[in-house]
Amino acid sequence: MRTRHEFEIVVVEETDNPYPIEGVTYIPHPVKNFGFPYARNLSVAGSTGGIIVFVDDDCRINDGWLDNLLRPFEDASVMGVQGGVTVPGDTNAIGWVESILGFPGGGIGRIIKARGEQRSTIEISTLNCAYRRSVIEAVGGFDHRLKTGGEDYLLAKKACSDGKCVFAPDAVVEHRARGSLREIWRWFLRRGRAEIGVVHTGEYAEANWFSVLRGSLTVKFGLFSSLCLALSMRWLITIPAFFLLYSLVQYLRNHSVWKKSNAPLRSLLLLPLVKFIMDAAMDAGRLRGIFHD
């Protein structure tokens with residue numbers, strides 16, 4: 001990777017068999033299921049720089065990525081920067097749908113909508129981002145209670161309330177897509193649990209039970225069914241009618257992004273199904289978070 005910046009690489013690994021890596025600061029910790037925030041806090045503690053960069057270990061970076069990610073910090077008021085995330089060109093149709101729908105890190109849609117310009121944001125994912133060390137320390141680091149996820153979401157909300165955070169669309173990494181409905185289900189099941197975890201912390205006012213209900217597919221279907229009942233529609237018509245309306249909404253929301261991306265036509269056709277799996281898994285995860293975690 002070519003860059004004009006000096007940098008150090010910190011690798012945190014959960015393992016009972018540490019294997020140091022030459023040329024990096026290697027921080028192993030035992031397999032005790034301490035969760036994501038514990039590992040991220042270890043990485044911050046083990047680093048020395050004034051700006052901390054986070055990137056997932058399955059991302060592909062290019063020359064210029066780090067320069068583009070750090071350039072916004074030339075403005076002293078900037079506390080955090082989110083970079084763009086897309087998928088490799090050989091990604092399958094389902095994987096492209098993930099990116100079109102904005103997962104993870106805003107996906108290809110976030111890059112397209114930015115039109116090459118920096119945008120203010122409060123949405124930052126450790127998939128590809130950077131923060132000033134001072135703001136991470138000021139907000140108390142990553143919340144150790146959020147073992148299943150959501151710790152980067154919560155830190156972003158706190159950090160961006162203390163200063164300006166921006167999205168830098170030219171600081172792009174490629175991230176491997178899940179690429180299967182089964183893996184997407186598991187992923188969003190965890191995201192649903194993480195959302196409830198954030199609500200339980202009480203640390204962010206907009207993450208509350210109303211926001212959970214507003215995002216719930218089950219609640220939306222219940223309201224739609226009640227409307228159909230009020231209009232004396234037959235029950236057997238309700239389910240296909242709901243999915244038809246649901247599909248139409250997804251196409252209207254995402255068609256322009258698909259058109260500007262390199263995604264195949266099959267991705268557009270699969271889009272409502274993939275989004276439905278995401279939403280259903282989120283609800284399942286929310287229920288688990290409420291009654292089990």
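Overview of values
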{"item": "Residue exposure sequence - Lys275, Lys260 - by fewest surrounding Cβ within 10 Å", "result": "Lys260, Lys275"}
{"item": "Charge dipole (the chain, unit charges on Cβ, about Cα centre) - positive-most of Ser232, Ile100, Gly150", "result": "Ser232"}
{"item": "Of the trypsin sites (Lys or Arg not before Pro) in segment 88-181, those whose Cβ has at most 10 other Cβ within 10 Å and which sit in DSSP loop", "result": "Arg115"}
{"item": "Sorted by Cβ density within 10 Å, fewest first, the residues Tyr153, Tyr251", "result": "Tyr251, Tyr153"}
{"item": "Note, ³J(HN,Hα) from phi for segment 172-184, Karplus 6.51, -1.76, 1.60, rounded to Hz, x at Gly and Pro", "result": "9, 10, 9, 10, 4, 7, 5, x, 8, 5, 5, 5, 5"}
{"item": "Ranked packing of 196-206, 63-73, most packed first, by mean Cβ within 10 Å", "result": "63-73, 196-206"}
{"item": "Volume per residue of the C-alpha convex hull in the chain, rounded to whole Å³", "result": "149"}
{"item": "Degrees separating the helix 235-260 axis from the principal Cα axis of the chain, which is the longest one", "result": "40"}
{"item": "Across the chain: Cys residues that no other cysteine approaches within a C-beta distance under 4.7 Å", "result": "Cys59, Cys129, Cys228"}
{"item": "Antiparallel bridges, percent of DSSP beta bridges restricted to segment 10-291 (to nearest 5)", "result": "50"}
{"item": "Residues His5, His144, His292, sorted so that the one with the fewest Cβ neighbours within 10 Å comes first", "result": "His292, His5, His144"}
{"item": "Helical mean residue ellipticity (222 nm; -39500 (n - 2.57) per DSSP H run of 4+; nearest 500) of the chain", "result": "-15500 deg cm²/dmol"}
{"item": "Pairs of lysines in the chain (C-alpha under 17 Å apart; 8 or more residues apart or interchain)", "result": "4"}
{"item": "Segment 195-258: Cα Rg divided by the 2.2 N^0.38 Å rule of thumb", "result": "1.47"}
{"item": "For segment 46-68 versus segment 120-172, the gap between their alpha-carbon centres in whole angstrom", "result": "14"}
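Each reported figure results from applying straightforward, stated rules to the coordinates on display, with no laboratory input. Every value quoted in this text rests on a predicted model; they were computed, and no experiment measured them. Please note: Cβ atoms are built from the backbone with ideal geometry, for glycine as well, and neighbour counts cover all protein chains shown.
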